[in-house]
Structures are given as C-alpha cells and as structure tokens.
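Chemist: Let me begin by handing over the structure; questions about it come next.
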C-alpha cells in the first residue's frame, strides 16, 4: 500500500539528529524523497546512507540556515535534485547560554538568526517551488519557551535557556500565522509544533543549572510541570509533523500545536 507521502519531495532542515533525523526517517518510510539540509556533514551522510540502505530515498545538501547565500544555494540544488519541492520542515535551530540581563549581544543575535531568521530565509527560498508545485505544506519548529514563563522557584531550581531563544520561538509562532494567511492563496498550509521536554542530544547537552547535561534535571522538571509522565522522544514530534504535512490534515492551517506531555504550568 502506498505511503502517505508517496510522490512527494520533502526538505528537512537540521535533519542530521534528534527531531530532524526522526522526521527524515518517518517521511522516507511514508514514501517521500527527502532532502536533508544541515551543517554537520559526517552526521548528515550517516542519516542519508541509513535511509537509502533501508529502502528510502534521501540526499544530504550542506546548508547553514543562518546564512542567506548558503540557504539560496542549498534550496536551488534541492529543487533540482528531485525536480520539485512539496513539503518543508523548518526544524533547524538551537538555544544559547546566558540569562537576562546578562546575555551578550553576540549570543542574542546568533540565537535569533539561527531560529527566527533561518526559518524566514529557508521559507522564502522554498516558497516559489511550493507555488510552482501547485501547493504544499510547511511545518515550523517552535518551542514551549514561546508560550511558557516560569516561577522564581522553577528558575532557581532548573534555570532557563537564553531569553533570545524565548523571543526567537515566539517570533516563529507569529511568522507561522502570517505565512498561513499568505499561503491560503496558493494551496499552501503552514502549521507549527511546540515541543516541550524532548530527549534529544541538543536538549540534554546543557542547561543553566546543569552545564554538563544529564537527564536528572529534566526528570525533576517532568514531575513538576507535566501531566503525562516524561520524557518525550523525537518520534513523538515526528509523528505530529507527518500528520501536519499529509493529506489527513488538509483542513488544518495556521495552527501551533504543543507536544509537551500536557504541561500544566503555562503562564
């Protein structure tokens, strides 16, 4: 039986690990030809080769989403590789160090550039190809940080990622709504996912209260904030992204959906 994405071409940024990798594998399993845009060559080729050996079809294209020239070059090559683009998952991003008001200007600009500007750069470059294809679907990567505050106790016990990350992801939420309004004229649906505590290599590499990483800080956070026992995994997010780019969600656009175990401490 054909997969849900049979005949589709999907671009996934940051597809070399974590949620991006899980989504690349999920897309390929459902019949999509996957274009994996990322910076780290060795990791990306490993994912590419694993998908291809497993019967899927994937191609790695080097790309730094925070660099306009890199994005334009990569998307042009991506469109030529399989002849079209139908799906975009703007997954690439990352947090930063520092807190408020002690974050440096350089750190602020870097995090905003990768998360918010990068989503804009890639979406802008891919857009004409979605229009040419007669429509498509875009999913942007936000974060629970765009929605949730924290109490003094939470901050003292767990810390928080950089204020630039909170601001960047809130910007992604707003950009999603804007893009959805424009996409309505072109049969392009745009939605957004907000993961909570998902166990990815990036998520556990370090926090303000645990610079060396480790699961124990996150386990305490699960117990305090979630309804469903944690942790979440990349596949939990990939399954939602698949739904949002498939025909099963044809009547859904402009939505921002949390994947967070039902966090009850949203402020």
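Chemist: Has region 130-152 got any residue that is part of a helix (DSSP H, G or I), surrounded by 17 or more Cβ atoms within 10 Å (Cβ to Cβ) and over 16 Å from the mean Cα position of the chain (by Cα)?
Modeler: Keep residues of region 130-152 that are part of a helix (DSSP H, G or I), which gives 130-132, 144-146, 152.
Going one step further and asking which of them are surrounded by 17 or more Cβ atoms within 10 Å (Cβ to Cβ), we end up with 130, 144-146.
When the remaining residues are screened for being over 16 Å from the mean Cα position of the chain (by Cα), the result is 130.
Scanning region 130-152, I find at least one residue that is part of a helix (DSSP H, G or I), surrounded by 17 or more Cβ atoms within 10 Å (Cβ to Cβ) and over 16 Å from the mean Cα position of the chain (by Cα), so the answer is yes.
Chemist: Please specify each residue of region 37-52 satisfying the condition of being closer than 24 Å to residue 110 by Cα, in contact with a strand residue (DSSP E or B) (Cβ under 6 Å, 6 or more places away or on another chain) and assigned to a helix (DSSP H, G or I).
Modeler: Kept after step one, since they are closer than 24 Å to residue 110 by Cα, are these residues of region 37-52: 37-44.
Going one step further and asking which of them are in contact with a strand residue (DSSP E or B) (Cβ under 6 Å, 6 or more places away or on another chain), we end up with 37, 44.
44, the sole residue that qualifies.
Chemist: In region 247-261, is there at least one residue being under 16 Å from residue 146 (Cα atoms), loosely packed, with under 15 Cβ neighbours inside 10 Å and modelled with pLDDT under 95?
Modeler: Among the residues of region 247-261, not one is under 16 Å from residue 146 (Cα atoms), loosely packed, with under 15 Cβ neighbours inside 10 Å and modelled with pLDDT under 95, which makes the answer no.
Chemist: Check 7, 55, 93, 66 and return the single one that is under 19 Å from residue 236 (Cα atoms) and part of a loop (DSSP other than H, G, I, E, B). Before the answer, list the steps.
Modeler: Details: 7 fails: under 19 Å from residue 236 (Cα atoms); 55 fails: under 19 Å from residue 236 (Cα atoms); 66 fails: under 19 Å from residue 236 (Cα atoms).
Criteria check complete, one pass: 93.
Chemist: Moving on to the next point. Would you confirm whether or not region 93-101 contains a residue that is crowded, with 18+ Cβ neighbours inside 10 Å and closer than 18 Å to residue 23 by Cβ?
Modeler: yes
Chemist: Separate question: Please verify whether residue 84 is modelled with pLDDT of 95 or more and assigned to a helix (DSSP H, G or I), treating the condition exactly as stated. Even if it seems obvious, please write down each step before you answer.
Modeler: Values: modelled with pLDDT of 95 or more: yes; assigned to a helix (DSSP H, G or I): no.
Answer is no for this residue.
Chemist: Mind checking which residues of region 66-82 are farther than 18 Å from residue 111 by Cα and surrounded by 17 or more Cβ atoms within 10 Å (Cβ to Cβ)? First the steps, then the outcome.
Modeler: Pass one, region 66-82, residues farther than 18 Å from residue 111 by Cα: 69, 72-82.
Result: 74, 75, 78, 79, 82.
Chemist: When both residues are 6+ apart or on different chains and their Cβ atoms are under 7 Å apart, which pairs have a first residue that lies in region 173-185 and is closer than 20 Å to residue 134 by Cα, and a second that is part of a helix (DSSP H, G or I)?
Modeler: 179/123
Chemist: Here's a check for you: in region 156-188, which residue that is over 20 Å from residue 92 (Cβ atoms), at pLDDT below 90 and assigned to a loop (DSSP other than H, G, I, E, B) is nearest to the chain's Cα centre (by Cα)?
Modeler: This residue is 160.
Chemist: Right, here's the next one. Mind counting the residues in region 167-185 that are touching a helix residue (DSSP H, G or I) at 6+ places or on another chain (Cβ under 6 Å) and crowded, with 19+ Cβ neighbours inside 10 Å? Step through it out loud before you land on a result.
Modeler: Pass one, region 167-185, residues touching a helix residue (DSSP H, G or I) at 6+ places or on another chain (Cβ under 6 Å): 168-173.
Cutting the leftovers down to crowded, with 19+ Cβ neighbours inside 10 Å gives us 168-169, 172.
Going through region 167-185 one residue at a time, the tally reaches 3.
Chemist: So, in region 18-36, exactly how many residues are assigned to a helix (DSSP H, G or I) and either at positive phi or at pLDDT below 95 (or both)?
Modeler: Taking region 18-36 and keeping what is assigned to a helix (DSSP H, G or I), we get 18-29.
Those left that are additionally either at positive phi or at pLDDT below 95 (or both): 18.
Counting residues in region 18-36 that are assigned to a helix (DSSP H, G or I) and either at positive phi or at pLDDT below 95 (or both) gives 1.
The values are calculated or read from the model by the stated rules, or taken from the named source; none is laboratory data. Quick caveat, the model's predicted, so the values are computed rather than measured. Positions of Cβ are generated from backbone atoms using ideal geometry, with glycine treated the same way; all protein chains shown enter the neighbour counts.
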